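Some notes on the structure that comes next.
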Amino acid sequence: MALFEARHLHKRFGDQVVLEEISIAFEEHRVSGVMGPNGAGKTTCFNVLTGHYKPDRGTVVFDGEDITGLPPRIIARKGISRSFQIMNLFNEYSAIENVLIGLPEMRARGFDMVHPVRGDSAAMDRAATVMAKVGLAGKEWDAAASLPYGDRRALEIAVALAAEPRLLFLDEPTSGLGADTTARLAELVQELRSAYTMVIIEHDMRFLFGLADTIAVIQWGQVIAQGSPDELRANNWVQRSNLGMLR
Amino acid sequence: MVKASRADVPSVTREMLIAFALLFTLPLWVKHVGLYQYLGVEVTIWMIYALGFNLLLGYSGLPSFGHGAYFGIGAYGFGLAQLGLFENLWVGLVVAIAGATLAGAIVAAFVSHRRGIYFALLSIAFGQVFWVIALKWHRLTGGEDGLLNIPRPALDLGFASVSLKDNQSFYFFILGVFVVIVLALWRLVHSPFGRIIQAIRQNETRARFVGHNVWLYKWLTFVISAAIAGLAGGLFAMAQQSAYPDVMSLHASGFVVMMTIVGGGFVSFWGPVVGALVFFVARDVLGAATETWLLWYGLLFMALVIFKPEGIAGAWQQAVARWRGRMPAAPKAPRPAQLFRK
């Protein structure tokens with residue numbers, strides 16, 4: 001059974017239907033991709049899957065449990081983390097403090113008003129380990145706002161990883177990155193794939209085809225094709241769409 | 001291992017020692033600079049009030065413009081306990097804090113899912129409700145006159161009892177409360193709770209997506225802030241030996257906002273302390289020269305918001321950084337537009 005499954009999702013804003021009918025499943029220990037042209041409903045789909053929006057119809061199931069419509073903090077606690085396309089960091093904090101806020105320890109100790117966070121060396125070490133994982137070792141105390149763009153993207157992922165998720169959603173991780181940093185990000189995903197189940201939303205097809213085990217293509221608010229990168233390359237629909245330039 | 005030098009947060013800082021030393025010696029020098037003992041009482045009470053208020057404004061980014069309500073409830077609570085129950089300092093302060101906490105808990109339940117301009121407007125509305133109640137419920141509050149002749153009970157420590165009737169001993173009592181509040185709030189802002197509420201100010205959405213219960217954090221911060229305002233209000237009723245609705249009015253609520261911003265509450269723990277000091281010294285020094293001192297203070301406030309939104313503490317931090325010959329790494333205060341984003 002799939003770790004995460006969405007069935008018959010439908011979402012509209014006013015009279016505009018954004019998701020017509022999305023049924024999609026993500027297997028454990030895989031990298032799954034979701035792609036589609038701009039305006040196809042990718043980000044809305046993502047926001048419904050991670051609890052940012054409630055779907056008008058349909059169900060979302062994680063690990064056999066119906067999580068449809070639960071608030072984001074509950075979904076996060078069940079082991080689903082996400083990064084954001086537009087940088088969503090705690091900009092006045094140093095890099096390591098950003099990661100600290102995401103640690104499960106901080107949730108558990110969130111109502112401790114007496115003991116200084118920085119005195120908790122176990123949590124600090126945990127946060128430093130997460131930073132090392134995304135290649136930010138040595139930049140712990142740099143202000144999050146002053147990091148270069150590529151590092152901010154890595155930090156964005158580190159904050160999501162801090163929660164030790166069972167499932168990690170990455171929302172357009174390459175957006176705004178140059179060729180060098182995109183390559184670095186691809187390496188990072190390769191390193192993380194042995195430890196995490198990931199779902200990546202992307203419009204950069206080269207990036208996604210190089211990394212994903214399976215890919216779902218969304219167009220007009222529905223899944224128009226699904227399969228391995230090779231299967232998709234042969235798919236008639238995909239060839240006819242603007243994605244066909246992959247050949 | 002992460003570098004430990006950056007990891008230490010001392011329980012007592014050099015700034016605290018300087019502030020405590022200055023305030024403890026105040027009775028020795030206050031007359032020589034042309035001021036008077038009672039001013040020390042008043043300023044210290046408002047420092048406590050503003051420190052609690054800044055937990056909400058500076059640390060959580062929640063602009064409450066109705067905080068006078070909790071200060072006033074504290075004052076009335078203290079007065080009613082003295083006049084209606086029995087004359088005891090601790091009972092009075094407990095009633096003051098409990099009343100403000102309860103009112104804060106109820107209001108916070110209605111406003112904690114809001115932020116920015118909506119939060120501000122709701123806080124004003126609730127503040128006005130309490131102000132009108134204080135004004136109109138004559139039998140309980142004495143209406144516009146308020147509660148008069150509230151006794152100033154002795155400090156009963158069990159083994160000894162100290163009269164607080166003269167302003168000097170009363171001042172030292174208030175200073176003791178101030179020290180406790182400073183030490184407690186300093187711990188709080190560096191604790192997991194404190195770091196999370198600051199994270200919520202910076203990015204509420206992300207805080208939610210890493211699993212924090214944003215509503216509950218905001219609610220609790222509001223309640224703590226209201227409780228401290230209630231404590232300050234109780235002390236104020238002791239100082240004035242009366243409680244009156246004026247402290248709950250919109251303009252009195254505005255004073256604590258101005259103090260906090262002028263002092264630099266957005267960038268410094270000490271901002272509200274500096275702001276309260278500047279406000280009262282300005283009142284007395286400018287007030288001695290002109291009846292329209294609030295006009296000049298208001299102009300100072302406007303100039304600061306336009307040119308130096310980080311306030312006096314922010315200007316100080318930058319000056320120190322420049323003196324040490326490096327560019328300041330001080331965080332910027334949010335511009336009004338940022339504070340009031342939806």
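Structure above, values below:
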quantity	calculated
Subset of the stretch A:173-210 (residues that are closer than 21 Å to A:LEU147 by Cβ, buried (at least 19 other Cβ atoms within 10 Å of the Cβ) and in contact (Cβ under 8 Å) with a residue 60 or more places away in the chain)	A:PRO173, A:VAL189
Any hit, the stretch B:154-174, residues being β-branched (Val, Ile, Thr) and at pLDDT 90 or above	yes
Every residue from the stretch B:296-314 that is of a type in the set (A, V, I, L, M) and touching a residue at least 12 places away in the same chain (Cβ under 8 Å)	B:LEU300, B:LEU304, B:VAL305, B:ILE312, B:ALA313
Search result, residues across the stretch B:197-211 that are touching a helix residue (DSSP H, G or I) at 6+ places or on another chain (Cβ under 6 Å), within 7 Å of chain A (Cβ to nearest Cβ) and either touching a residue at least 12 places away in the same chain (Cβ under 8 Å) or assigned to a loop (DSSP other than H, G, I, E, B) (or both)	B:ALA199, B:VAL210, B:GLY211
Per-region count, the stretch B:212-233, residues buried (at least 24 other Cβ atoms within 10 Å of the Cβ) and either touching a strand residue (DSSP E or B) at 6+ places or on another chain (Cβ under 9 Å) or within 10 Å of chain A (Cβ to nearest Cβ) (or both)	2
Positions within the stretch A:162-172 being on the phi > 0 side of the Ramachandran plot and surrounded by fewer than 18 Cβ atoms within 10 Å (Cβ to Cβ), in sequence order	A:GLU164
Tally, over the stretch A:16-32, of residues that are crowded, with 20+ Cβ neighbours inside 10 Å and touching an Asp or Glu at 6+ places or on another chain (Cβ under 6 Å)	1
Which numbered condition A:ILE74 misses (of (1) touching a helix residue (DSSP H, G or I) at 6+ places or on another chain (Cβ under 8 Å); (2) more than 7 Å from every other protein chain (Cβ to nearest Cβ); (3) modelled with pLDDT of 90 or more)	(1)
Qualifying residue in the stretch A:147-157 (condition: under 28 Å from B:ARG187 (Cα atoms), in contact (Cβ under 8 Å) with a residue 60 or more places away in the chain and out of contact with any Gly (no Cβ under 6 Å at 6 or more places or on another chain))	yes
Any hit, the stretch B:237-254, residues being within 21 Å of B:SER191 (Cβ to Cβ), in contact (Cβ under 8 Å) with a residue 60 or more places away in the chain and either within 14 Å of chain A (Cβ to nearest Cβ) or of a type in the set (Ser, Thr, Tyr) (or both)	no
Single residue of the stretch B:133-181 satisfying the filter (assigned to a helix (DSSP H, G or I) and of a type in the set (Lys, Arg)) that is surrounded by the fewest Cβ atoms within 10 Å (Cβ to Cβ)	B:ARG139
Helices (runs of 4 or more DSSP H) completely within the stretch A:15-123 that count 2 or more residues being of a type outside the set (Phe, Trp, Tyr), out of contact with any Phe, Trp or Tyr (no Cβ under 7 Å at 6 or more places or on another chain) and assigned by TED's automatic domain parsing to the domain that holds A:PHE169	A:42-49, A:72-77
Residue list for the stretch B:48-70, filter: crowded, with 24+ Cβ neighbours inside 10 Å, more than 9 Å from the chain's Cα centre (by Cα) and part of a helix (DSSP H, G or I)	B:LEU56, B:LEU57, B:GLY58, B:GLY68, B:ALA69, B:TYR70
Per-region count, the stretch A:139-180, residues away from chain B (no Cβ under 14 Å) and either within 23 Å of A:ARG77 (Cα to Cα) or under 19 Å from the mean Cα position of the chain (by Cα) (or both)	11
Subset of the stretch A:101-138 [buried (at least 18 other Cβ atoms within 10 Å of the Cβ), of a type in the set (Val, Ile, Thr) and facing chain B (nearest Cβ under 7 Å)]	A:ILE101, A:VAL117
Residue within the stretch A:2-14 that is assigned to a loop (DSSP other than H, G, I, E, B), within 18 Å of the chain's Cα centre (by Cα) and within 26 Å of A:LEU188 (Cα to Cα) present	yes
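Each row is one residue, and each column tells you yes or no for (1) modelled with pLDDT of 95 or more; (2) within 14 Å of chain A (Cβ to nearest Cβ).
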| residue | (1), (2) |
| --- | --- |
| B:VAL2 | no, yes |
| B:THR13 | no, yes |
| B:LEU26 | no, no |
| B:HIS32 | no, no |
| B:GLN37 | no, no |
| B:TRP46 | yes, no |
| B:GLN82 | no, no |
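The values are calculated or read from the model by the stated rules, or taken from the named source; none is laboratory data. Small disclaimer: the values here were computed from a predicted structure and weren't measured. Note that we place each Cβ from the backbone using ideal geometry, even for glycine, and neighbour counts take in every protein chain shown.
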